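> Following this message is one structure expressed as structure tokens.
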Amino acid sequence: MDLLEYQGKQLFARHAVPVPSGSPATTVEEAVAAADEIGYPCVIKAQVQIGGRGKAGGIKVAKDRPEAEDHAKAILGMDIRGHTVHEVWVEAASDIAAEYYASIVFDRSAKRPLVMLSTQGGMDIEEVAERDPAAIARLHVDPLLGFQDFHARRLAFEAGVDADVVRPVGALLTRLYDAFAAEEAMLLEVNPLIVTSEREVMALDAKVTLDDSSLFRHPENAALRKTEAEDPQERMARERGLTYVKLDGNVGILGNGAGLVMSTLDVVAQAGGRPANFLDAGGGSKAEAITQAVEVILSNENVSAVLFNIFGGITRCDEVARGLIEAFRQIEPDVPFVVRLDGTNDKEGRALLAEADLPNVHTEATMLDAARRVVELAG
Amino acid sequence: MSILVGTDTRLCVSGITGREGTFHTLNNRNYGTKVVSGVTPGKGGQDVEGIPVFNTFHDAVAETGANTAMIFVPPRFAADSILEAEDAGIALVVAITEGIPAHDELRVYNHLARNPDVRLVGPNCPGILSPGKANVGIIPAAFFSEGNVGVVSRSGTLTYQIGNELAQRGFGNSTIVGIGGDPVPGSSFTDILALFQDDDETELIVMAGEIGGSAEEEAAEFIAGNVTKPVVAYIAGFTAPPGKTMGHAGAIVSGSAGTAAAKQEALEARGVRVGRTPTEVAEIAAEIAGSLAR
């Protein structure tokens, strides 16, 4: 789960990572009140989960109240690359002397957290990595040992931070690691990490990705999910416990098992089609889950044909067939379905479908033939 | 031979008294796997259809000589159960549980790495099947027969799909290993490829990867330097958009890293043939097997 900038800053603050003071606001009135409270100049920042907010005009400095009002009006409701701004963060303007970069990444390949520090902050770090890899100091941490003071010193000296801020930058990294471990993050990124003209060090931005699988231990983080920013179909699927990702094509897809569903999308694409979604009905799906999955798939108006690709292991093909038959009874879909059932109880499943004789449901014996057929039917 | 599980396997199941745990334990026993015990804290002294249940792994190992553990407990208890199995001296831990927190997996991985006598397969995997010998996990064994193709995969159902296409062309399997779809698998492609390379029964290896991480790229490097047996690969997720988790916690393209195209390229650059569909994987395998026979 990705957090908004201000949610990330609030999470940082819980672990004593220094951040500028600020308030969130969802209306112009709230934003102006927050600006009055914080004092001028202040910065009004669009809260959306996408980069390039500044370039899109989503981050503005207000030197007085009328400016704060103008900016809040302009930014709230603005569209930034497909993301509508529902919320702004109003924070005290900072006097920047230097911009650094710090991050902690859950490094899957090394199976250790990777801490990175650079004095070239405020720009795209992937560009820095390409242009001047030596400009980024990197250090893997043994998660059983944790982040030690010497780790912080090594990174600070190696990155070449100004001598007078080695200690506070190191302290910030230590607290950032505390947050990473305690909140079970997959990514914490601070870009820029600033040094002010008073030589204070603080996180001016916050990019936080949390591990979805650990949210049961962090109800306060789980509550941060912004459902209004979520795609309606994805929300509907999540509420029903289905794994669904919306895509931009017209072939609705349902399968069992993440790998097989990914493979199904690829095979449909190779057959010249465009998948409308990824939907993993999961292992051992019961008829009811299948019926709900059909509802989710068809709630996307772009869908003009649906492919069921099932290879039953724990999943029983007769349960899938029952779910599909029930879905037809409840929703009466007006698009064609192509169904491929293989594996556990496949004969029973196919027999049930033949008996039900559903309108516009076509069965195919192989995954490839099913993909070709659905692409043809989707048009 | 076969690898990891076989006639020497003595299985102890953590979570044996749960609904799913009981169902799959009995399935495994019906297949012929020696299931010697189970662990459920507080239910020591009971039995599941004659399989004795213990309160701790230590008791189960001492009383029944278990050498393999299968983990079937819910995510919040799974890391603890894996660590307990290792502490009790179990040599192979197969973790089926999906949804274990990533930081738990990190801790477990780094702890187990200090013990050369233990191997973890999974979590979030379908288990390991050596046809005709032993089945540890949830792989539907009826679709597979004994043979010479080793299969290693990050996905369960995709393994069944590919295995079925191979079976239709007359191939059986030495062992099928599901390494799981999580960000921190206990065993990597590389680990399992090394075992297949050393296994007399395995003549051909099929690996099924997917988007996310760099395990396939690392496998490509390893194959080039260490594997003399033919390897056919498949990668799922060419159509996956960046930044979206595709069902498996580990299946995510982060920025430009972890794409299917990059993995295919890395494997092909090292001489590994990559099938574009599960069907094509089976076709390539058949072609290679044909040339081996000649």
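> What are the residues in the range A:174-216 that are more than 18 Å from A:Leu155 (Cβ to Cβ) and in contact with a Lys or Arg (Cβ under 6 Å, 6 or more places away or on another chain), if any?
The one that is more than 18 Å from A:Leu155 (Cβ to Cβ) and in contact with a Lys or Arg (Cβ under 6 Å, 6 or more places away or on another chain): A:Ala206.
> Here is a follow-up. Condition first: outside any loop (DSSP other than H, G, I, E, B) and either touching a strand residue (DSSP E or B) at 6+ places or on another chain (Cβ under 7 Å) or open to solvent by less than 30 Å² (accessible area, probe 1.4 Å) (or both). Now tell me which residues in the range B:104-124 satisfy that.
To start, the set of residues in the range B:104-124 that are outside any loop (DSSP other than H, G, I, E, B) comprises B:104-112, B:119-121.
Matches in the range B:104-124: B:Asp104, B:Glu105, B:Leu106, B:Val108, B:Asn110, B:Leu112, B:Arg119, B:Leu120, B:Val121.
> If you don't mind, another one. For the range A:72-93, enumerate the residues that are part of a strand (DSSP E or B), surrounded by fewer than 18 Cβ atoms within 10 Å (Cβ to Cβ) and away from every other protein chain (no Cβ under 14 Å).
A:Asp79, A:Thr84, A:Ala92 - these are the residues of the range A:72-93 that are part of a strand (DSSP E or B), surrounded by fewer than 18 Cβ atoms within 10 Å (Cβ to Cβ) and away from every other protein chain (no Cβ under 14 Å).
> Go through B:Ile223, B:Ile205 for me and flag whichever is part of a strand (DSSP E or B), of a type outside the set (Phe, Trp, Tyr), free of Cβ contacts under 8 Å to residues at least 60 places away in the same chain and over 16 Å from B:Gly127 (Cα atoms). Lay out the reasoning, then the answer.
On the way: B:Ile223 fails: part of a strand (DSSP E or B).
Checking each option against the conditions leaves just B:Ile205.
> OK, next. State whether one or more residues within the range A:272-292 are part of a helix (DSSP H, G or I) and within 14 Å of another protein chain (Cβ to nearest Cβ).
We begin by selecting, within the range A:272-292, every residue part of a helix (DSSP H, G or I); these are A:287-292.
Next, from what is left, pick out any that are within 14 Å of another protein chain (Cβ to nearest Cβ): none.
So far as the range A:272-292 goes, no, none of its residues is part of a helix (DSSP H, G or I) and within 14 Å of another protein chain (Cβ to nearest Cβ).
So that you can scan it fast, the table gives a plain yes or no per residue for (1) within 13 Å of chain B (Cβ to nearest Cβ); (2) among the β-branched types (Val, Ile, Thr); (3) in contact with a Ser or Thr (Cβ under 9 Å, 6 or more places away or on another chain); (4) at negative phi:
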residue	(1), (2), (3), (4)
A:Asp95	no, no, yes, yes
A:Tyr100	no, no, yes, yes
A:Arg108	yes, no, yes, yes
A:Pro113	yes, no, no, yes
A:Gly121	no, no, no, yes
A:Asp124	yes, no, no, yes
A:Glu130	yes, no, no, yes
A:Pro133	no, no, no, yes
A:His140	yes, no, no, yes
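> Can you pull out every residue in the range A:15-35 that is farther than 26 Å from A:Glu230 by Cα and in contact (Cβ under 8 Å) with a residue 12 or more places away in the chain? Before you say what the answer is, go through the steps one by one.
Of the residues in the range A:15-35, the ones farther than 26 Å from A:Glu230 by Cα are A:15-21, A:32-35.
A:His15, A:Ala16, A:Val17, A:Pro18, A:Val19, A:Pro20, A:Ser21, A:Val32, A:Ala34, A:Ala35, listed by residue number.
> Using the structure shown, decide if B:Val253 is open to solvent by less than 20 Å² (accessible area, probe 1.4 Å), free of Cβ contacts under 8 Å to residues at least 60 places away in the same chain and more than 21 Å from the chain's Cα centre (by Cα). Reasoning before the result, please.
Working: open to solvent by less than 20 Å² (accessible area, probe 1.4 Å): yes; free of Cβ contacts under 8 Å to residues at least 60 places away in the same chain: yes; more than 21 Å from the chain's Cα centre (by Cα): yes.
When the stated conditions are applied, B:Val253 passes them.
> How many residues does the range A:147-188 contain that are under 24 Å from B:Gly213 (Cβ atoms), open to solvent by 10 Å² or more (accessible area, probe 1.4 Å) and not acidic (Asp, Glu)?
Selection size over the range A:147-188: 5.
> Determine, yes or no, whether B:Leu83 is in a helix (DSSP H, G or I) and open to solvent by 20 Å² or more (accessible area, probe 1.4 Å).
On the way: in a helix (DSSP H, G or I): yes; open to solvent by 20 Å² or more (accessible area, probe 1.4 Å): yes.
Yes: the conditions hold for B:Leu83.
> Could you give every pair whose Cβ atoms fall below 6 Å, whose first residue belongs to the range B:50-76 and is within 14 Å of chain A (Cβ to nearest Cβ), and whose second residue is surrounded by fewer than 23 Cβ atoms within 10 Å (Cβ to Cβ), counting only separations of at least 6 or pairs across chains?
Note: pairs meeting the criteria are B:Phe72/B:Gly21; B:Pro75/B:Gly99.
> Give the range A:210-233 a look and list any residue that's under 12 Å from the mean Cα position of the chain (by Cα), charged (D, E, K, R) and assigned to a helix (DSSP H, G or I), or say none.
Filtering the range A:210-233 for residues under 12 Å from the mean Cα position of the chain (by Cα) gives A:210-212, A:225-226, A:229-231.
The next check asks that each one be charged (D, E, K, R); those that pass are A:211-212, A:225-226, A:230-231.
Selection gives A:Asp212 alone.
> Considering only residues of the range A:237-266 that are more than 7 Å from every other protein chain (Cβ to nearest Cβ) and among the charged types (D, E, K, R), which is least open to solvent (accessible area, probe 1.4 Å)?
Looking only at the range A:237-266, we keep the residues that are more than 7 Å from every other protein chain (Cβ to nearest Cβ), and these are A:237-242, A:244, A:246, A:248-255, A:264.
Then keep just the ones that are among the charged types (D, E, K, R); that gives A:238-240, A:246, A:248.
Working: A:Arg238: 92, A:Glu239: 132, A:Arg240: 81, A:Lys246: 64, A:Asp248: 126 Å².
The extreme case among them is A:Lys246.
> Can you name every residue in the range A:349-379 that is open to solvent by 50 Å² or more (accessible area, probe 1.4 Å), part of a helix (DSSP H, G or I) and away from every other protein chain (no Cβ under 14 Å)? If you could, list the steps in order and put the result at the bottom.
Pass one, the range A:349-379, residues open to solvent by 50 Å² or more (accessible area, probe 1.4 Å): A:350-351, A:354-355, A:357, A:359-360, A:363, A:365-366, A:369, A:372-373, A:376-377, A:379.
Subsequent filtering for residues that are part of a helix (DSSP H, G or I) retains A:350-351, A:354-355, A:369, A:372-373, A:376-377.
The answer is A:Arg350, A:Ala351, A:Ala354, A:Glu355, A:Arg373, A:Glu376, A:Leu377.
> Follow-up. Which one of these is open to solvent by less than 60 Å² (accessible area, probe 1.4 Å), assigned to a loop (DSSP other than H, G, I, E, B) and at pLDDT 90 or above: B:Thr228, B:Thr239, B:Thr279? Lay out the reasoning, then the answer.
Values: B:Thr228 fails: open to solvent by less than 60 Å² (accessible area, probe 1.4 Å); B:Thr279 fails: assigned to a loop (DSSP other than H, G, I, E, B).
Unique residue meeting the criteria: B:Thr239.
> Any idea which residue in the range B:216-249 is farthest from B:Ile284 (Cα to Cα), counting only those that are facing chain A (nearest Cβ under 9 Å), of a type in the set (A, V, I, L, M) and touching a strand residue (DSSP E or B) at 6+ places or on another chain (Cβ under 7 Å)?
B:Met246
> Can you tell me which of B:Glu203, B:Glu210 is touching a helix residue (DSSP H, G or I) at 6+ places or on another chain (Cβ under 7 Å) and open to solvent by 10 Å² or more (accessible area, probe 1.4 Å)?
Residue meeting the stated conditions: B:Glu203.
> Which number in (1) surrounded by 17 or more Cβ atoms within 10 Å (Cβ to Cβ); (2) at positive phi; (3) within 14 Å of chain A (Cβ to nearest Cβ) marks the one condition that B:Gly132 misses?
Every listed condition holds for B:Gly132 apart from (3).
> Now a separate question. Considering every residue within the range B:86-100, establish whether at least one is surrounded by fewer than 23 Cβ atoms within 10 Å (Cβ to Cβ), of a type outside the set (Val, Ile, Thr), within 7 Å of chain A (Cβ to nearest Cβ) and closer than 30 Å to A:Phe308 by Cβ.
Within the range B:86-100, one or more residues are surrounded by fewer than 23 Cβ atoms within 10 Å (Cβ to Cβ), of a type outside the set (Val, Ile, Thr), within 7 Å of chain A (Cβ to nearest Cβ) and closer than 30 Å to A:Phe308 by Cβ.
> Taking the condition of being more than 30 Å from A:Arg340 (Cα to Cα), basic (Lys, Arg) and away from every other protein chain (no Cβ under 13 Å), how many residues in the range A:212-236 meet it? Spell out the reasoning first.
If we filter the range A:212-236 for residues that are more than 30 Å from A:Arg340 (Cα to Cα), which is where we start, we get A:212-230.
Still in the list and also basic (Lys, Arg): A:217, A:225-226.
Keeping just the survivors that are away from every other protein chain (no Cβ under 13 Å) gives A:225-226.
Of the residues in that region, 2 qualify.
> Anything in the range B:31-74 that is surrounded by fewer than 20 Cβ atoms within 10 Å (Cβ to Cβ) and either of a type in the set (A, V, I, L, M) or in a helix (DSSP H, G or I) (or both)? List them, or say none.
Selection gives B:Tyr31, B:His58, B:Asp59, B:Ala62, B:Glu63, B:Thr64.
> What residue, of A:Asp369, A:Asp280, A:Asp357, is under 30 Å from the mean Cα position of the chain (by Cα) and free of Cβ contacts under 8 Å to residues at least 40 places away in the same chain? Explain how you work it out, then say what you get.
Values: A:Asp369 fails: under 30 Å from the mean Cα position of the chain (by Cα); A:Asp357 fails: under 30 Å from the mean Cα position of the chain (by Cα).
Answer to the check: A:Asp280.
> Same structure, new question: Within the range A:189-204, is there a residue that is surrounded by fewer than 22 Cβ atoms within 10 Å (Cβ to Cβ), in contact (Cβ under 8 Å) with a residue 12 or more places away in the chain and assigned to a helix (DSSP H, G or I)?
No, because not a single residue in the range A:189-204 is surrounded by fewer than 22 Cβ atoms within 10 Å (Cβ to Cβ), in contact (Cβ under 8 Å) with a residue 12 or more places away in the chain and assigned to a helix (DSSP H, G or I).
> Just the residues that are open to solvent by 40 Å² or more (accessible area, probe 1.4 Å) and either among the basic types (Lys, Arg) or not in a helix (DSSP H, G or I) (or both), please, taken from the range A:111-134. Quick ask: steps written out before the conclusion?
Here is the first cut: in the range A:111-134, the ones open to solvent by 40 Å² or more (accessible area, probe 1.4 Å) are A:112, A:119-120, A:122-124, A:126-127, A:130-134.
Across the range A:111-134, the qualifying residues are A:Arg112, A:Thr119, A:Gln120, A:Gly122, A:Met123, A:Asp124, A:Arg131, A:Asp132.
The values are calculated or read from the model by the stated rules, or taken from the named source; none is laboratory data. Everything numeric here is computed off the predicted structure, so don't read it as measured data. Positions of Cβ are generated from backbone atoms using ideal geometry, with glycine treated the same way; all protein chains shown enter the neighbour counts. Areas reflect the complete protein model, heavy atoms only, side chains present, ligands, DNA and RNA absent. Shrake-Rupley method; radii C 1.70, N 1.55, O 1.52, S 1.80 Å.
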